[in-house]
Amino acid sequence: MRLLAVSTLGIAASLGATACAATAPALDSTEIAQGRWAVLAVILPGCPACEEALGWVGEVYQDFPQIGFLLLSPWESEEIWAASAELGLPSLVDEGGRMGAALGVRRAPTVVFLLDGEPVGLLPWPFGKGELERRLGELASAPRQGPGALLGTRVSLPEVQTFAGEPLRIQQPGEALVLFFFNPECPPCWRALEGLAALEEIKVVVVVLAPQGVGESERGRLAETGLLVVLGGAPDLAKTLGVRVTPTYMILDGEGVVRGVHEGQADPEVLRRAVEALRSEGLEGHDGS
């Protein structure tokens, strides 16, 4: 289950891959930046080995519910759409082969194993069904990295300070919130603020990570958002939560359980839907089990 599919950092989005239409399952191309994914790069029609590998994936993918599977093809074809629809797996058209090249694909078929958007292994042809299953098992048990490792766990947030230096406890009992880790030298961070300010249903806290300091004009721009902004103690908070990049978004429910994580620029609409999903479950808490 993808707890939060919030991103434009996703490899597919950044490299120009597009989701296939037809009756194949829909995919927000940015979802592959989160969690565990096995990407099968194939060429159809005209590649018997690709057809064989696709058949193995069709036989084993249901044994690995913790892994998302994606079919990747350098061009559109009825065969890809049909395979995607038949197996119930999403597919992407990798225009110009840029995504495949970035992932290290040199021949088809190749399986690329992704963990939170980072390639952690390649399985190029030739390989067998047994080897595929073994590698999928390794991916399924691989520990998450960064803030994603905290999904489903309850966290304790250290005390921070406002711009004025006043001590602040970010979260109150029963209060859900979005933590947004922000760097004033990060253009996507500034672009994200407008969408965050529109999230009236949930408390948003902007955590400023500013190694070079924050100028008066930047303070003014942040104040204009109307969001709660914290500065003092921000590095310790980021370290506690394993934050590695800006922007990073984390959604916590009313019991302090991390319900969603995204590293990189986020689609405001997808973020809004994630918040609404949390509200529908009740903001007052989640048992984290």
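Do we have R144 as charged (D, E, K, R), out of contact with any helix residue (DSSP H, G or I) (no Cβ under 7 Å at 6 or more places or on another chain) and within 30 Å of G256 (Cα to Cα) here?
Yes: the conditions hold for R144.
Regarding G165, is this residue on the phi > 0 side of the Ramachandran plot and exposed (fewer than 15 other Cβ atoms within 10 Å of the Cβ)? Show your work before the answer.
On the way: on the phi > 0 side of the Ramachandran plot: yes; exposed (fewer than 15 other Cβ atoms within 10 Å of the Cβ): yes.
The answer is yes for G165.
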Can you find a residue in the range 127-144 that is buried (at least 21 other Cβ atoms within 10 Å of the Cβ) and polar (S, T, N, Q)? no
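To keep it simple, each residue is scored yes or no on (1) within 30 Å of R191 (Cα to Cα); (2) at pLDDT 90 or above; (3) surrounded by 16 or more Cβ atoms within 10 Å (Cβ to Cβ).
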| site | (1), (2), (3) |
| --- | --- |
| V6 | yes, no, yes |
| L15 | yes, no, yes |
| A26 | yes, no, no |
| L40 | no, yes, yes |
| L54 | no, yes, yes |
| G58 | no, yes, no |
| W75 | no, yes, no |
| I80 | no, yes, yes |
| G88 | no, yes, no |
Would you please name the residue that is nearest to the chain's Cα centre (by Cα), looking only at residues in the range 61-107 that are of a type in the set (V, I, T) and under 17 Å from R135 (Cα atoms)? I67
Do we find a residue being at pLDDT below 90 and touching a helix residue (DSSP H, G or I) at 6+ places or on another chain (Cβ under 7 Å) anywhere in the range 103-113? no
The lone exception for A164 - which of (1) in the same structural domain as T225 (by TED's automatic domain parsing); (2) over 25 Å from R272 (Cβ atoms); (3) modelled with pLDDT of 90 or more; (4) aliphatic (A, V, I, L, M) it fails: (3)
Where the second residue is buried (at least 17 other Cβ atoms within 10 Å of the Cβ) and among the polar types (S, T, N, Q) and the first is in contact (Cβ under 8 Å) with a residue 40 or more places away in the chain and over 21 Å from G256 (Cα atoms) and lies in the range 191-204, which pairs have Cβ atoms under 8 Å and are six or more apart or on separate chains? R191/Q265; A192/Q265
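Listed here are the residues, each with its yes/no results for (1) closer than 19 Å to M250 by Cα; (2) among the hydrophobic types (A, V, I, L, M, F, W, C).
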| residue | (1), (2) |
| --- | --- |
| V112 | no, yes |
| L115 | yes, yes |
| L123 | no, yes |
| I170 | yes, yes |
| A176 | yes, yes |
| A197 | yes, yes |
| P211 | no, no |
Residue in the range 273-288 that is surrounded by 14 or more Cβ atoms within 10 Å (Cβ to Cβ), over 18 Å from the mean Cα position of the chain (by Cα) and part of a strand (DSSP E or B) present: no
Residues G117, G100: which one is at positive phi, crowded, with 16+ Cβ neighbours inside 10 Å and not assigned by TED's automatic domain parsing to the domain that holds G264? G117
Single condition E86 does not satisfy, out of (1) in contact with a Leu (Cβ under 9 Å, 6 or more places away or on another chain); (2) closer than 15 Å to L44 by Cα; (3) not basic (K, R): (1)
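The values are calculated or read from the model by the stated rules, or taken from the named source; none is laboratory data. Treat the numbers as computed from the prediction; the structure is a model and nothing was measured. When we count neighbours, we look across all protein chains shown, and the Cβ atoms used for this are built from the backbone with ideal geometry, even at glycine.
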